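*Asks:* Could you have a look at this structure, given as structure tokens, before my questions?
The values are calculated or read from the model by the stated rules, or taken from the named source; none is laboratory data. What you are looking at is a predicted structure, and each value in this text was computed from that prediction instead of being measured. Cβ atoms come from the backbone with ideal geometry, glycine included; neighbour counts cover every protein chain shown.
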Amino acid sequence: MKLQGNVTIITGAGQGIGEAYAHRFTEEGARVAVADINREKGEAVTAALRAKGGDAIFVPVDVSSEDDTRKMAQTVVDRWGRIDTLIANAAIFYDIDNTNHSYAYLRKIFDVNFFGVWLSARACYPFMKRQGKGSIITQSSGAAYMHPYVQHDDELPSFHYSITKASISALTHLIAGAGGMAGVRCNAISPGPTMTEATKKTVPEEIMQYIVGVMMALKRPLQPEDLTGAAVFLASEESAMITGQVICVDGGMIMLG
Ligand SMILES: NC(=O)c1ccc[n+]([C@@H]2O[C@H](COP(=O)([O-])OP(=O)(O)OC[C@H]3O[C@@H](n4cnc5c(N)ncnc54)[C@H](O)[C@@H]3O)[C@@H](O)[C@H]2O)c1
């Protein structure tokens, strides 16, 4: 086991990639806080982790609420005494409206997909700093590095999802820079197209075929489990000297460097 006793908060662990992280971290011996806005799904994942022998709790949270994120961090410290890893994975993706380019909707997406990460990191940071150690893992996206054509009228599109994910990569560098003196690392995982229910709902089949067939070096979409190895690595001592990086786990779709 690579993460024995590691206390990990995973936001958006009620389904999809976050759920896969929660299972893998449990299998690696971590104590996992399943933090999600969806109580029913979060509790179901928590029950499944416990059923396989894991030490897991459900923490209800709306990551766009400062109050909620502070309570989330405090709840975990009250329970296990520390926070070793935060995976700030929650985002509006399943329910995203790709036809809404209004300023109001852009701000709503920013509230969750960007400020939700900032707030979650901010809430956990003081505890990690006190420990002199911690790993914050953010969740960017290949969408941060692409500029696909977006149908629009006279006005510019809002670029809502892509721009929040690009901002996550920038935030990751800034947290890493600030946290280094305290021993707090911050890295981003940038997934390629991953076959969650959200992707099946939001990405049209023909676009998926194009991405896989033309844009990806390894010609298959990811499964949520394909992302878990990078998260375990970034949470573990194996990556002790890695911070401020964006790790693309995307079958060779985006090649940074
Ligand atoms: N699936 C992909 O292809 C893909 C690719 C690149 C990046 N990503 C990113 O990976 C992450 C997970 O993707 P997914 O496909 O599993 O998405 P998903 O929509 O299936 O899961 C998101 C989870 O976040 C939770 N959530 C939403 N708003 C919340 C809030 N305000 N507070 C707390 N929890 C909230 C949801 O309840 C859900 O459990 C997201 O950050 C997404 O942007 C996904």
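*Asks:* Could we say that Thr138 is surrounded by 18 or more Cβ atoms within 10 Å (Cβ to Cβ) and within 21 Å of Lys2 (Cα to Cα) here?
*Replies:* yes
*Asks:* Would you pick out the residues in region 39-78 that are of a type in the set (A, V, I, L, M, F, W, C) and either under 17 Å from Phe114 (Cα atoms) or outside any helix (DSSP H, G or I) (or both)?
*Replies:* Start the filter on region 39-78 by keeping residues that are of a type in the set (A, V, I, L, M, F, W, C), which leaves 44-45, 47-49, 51, 56-59, 61, 63, 72-73, 76-77.
Matches in region 39-78: Ala56, Ile57, Phe58, Val59, Val61, Val63.
*Asks:* Oh, and also: Look through region 1-53, keep the residues that are surrounded by fewer than 22 Cβ atoms within 10 Å (Cβ to Cβ), over 17 Å from the mean Cα position of the chain (by Cα) and hydrophobic (A, V, I, L, M, F, W, C), and return whichever of them is farthest from the ligand (Cβ to nearest atom).
*Replies:* Checked region 1-53; the qualifying residue farthest from the ligand (Cβ to nearest atom) is Met1.
*Asks:* Only one residue in Thr202, Thr228, Thr164, Thr196 is out of contact with any strand residue (DSSP E or B) (no Cβ under 9 Å at 6 or more places or on another chain), modelled with pLDDT under 95, polar (S, T, N, Q) and within 16 Å of the ligand (Cβ to nearest atom). Which one?
*Replies:* Among Thr202, Thr228, Thr164, Thr196, only Thr202 is out of contact with any strand residue (DSSP E or B) (no Cβ under 9 Å at 6 or more places or on another chain), modelled with pLDDT under 95, polar (S, T, N, Q) and within 16 Å of the ligand (Cβ to nearest atom).
*Asks:* Same structure again: Name the residue, out of Ala217, Ala176, Ala182, that is surrounded by 18 or more Cβ atoms within 10 Å (Cβ to Cβ) and in contact (Cβ under 8 Å) with a residue 12 or more places away in the chain.
*Replies:* Step by step, each of Ala217, Ala176, Ala182 is checked, and only Ala176 is surrounded by 18 or more Cβ atoms within 10 Å (Cβ to Cβ) and in contact (Cβ under 8 Å) with a residue 12 or more places away in the chain.
*Asks:* Moving on to the next point. What are the residues in region 194-234 that are closer than 17 Å to Val246 by Cβ and touching a helix residue (DSSP H, G or I) at 6+ places or on another chain (Cβ under 7 Å), if any?
*Replies:* Within region 194-234, Thr194, Leu227, Ala231, Phe233 qualify.
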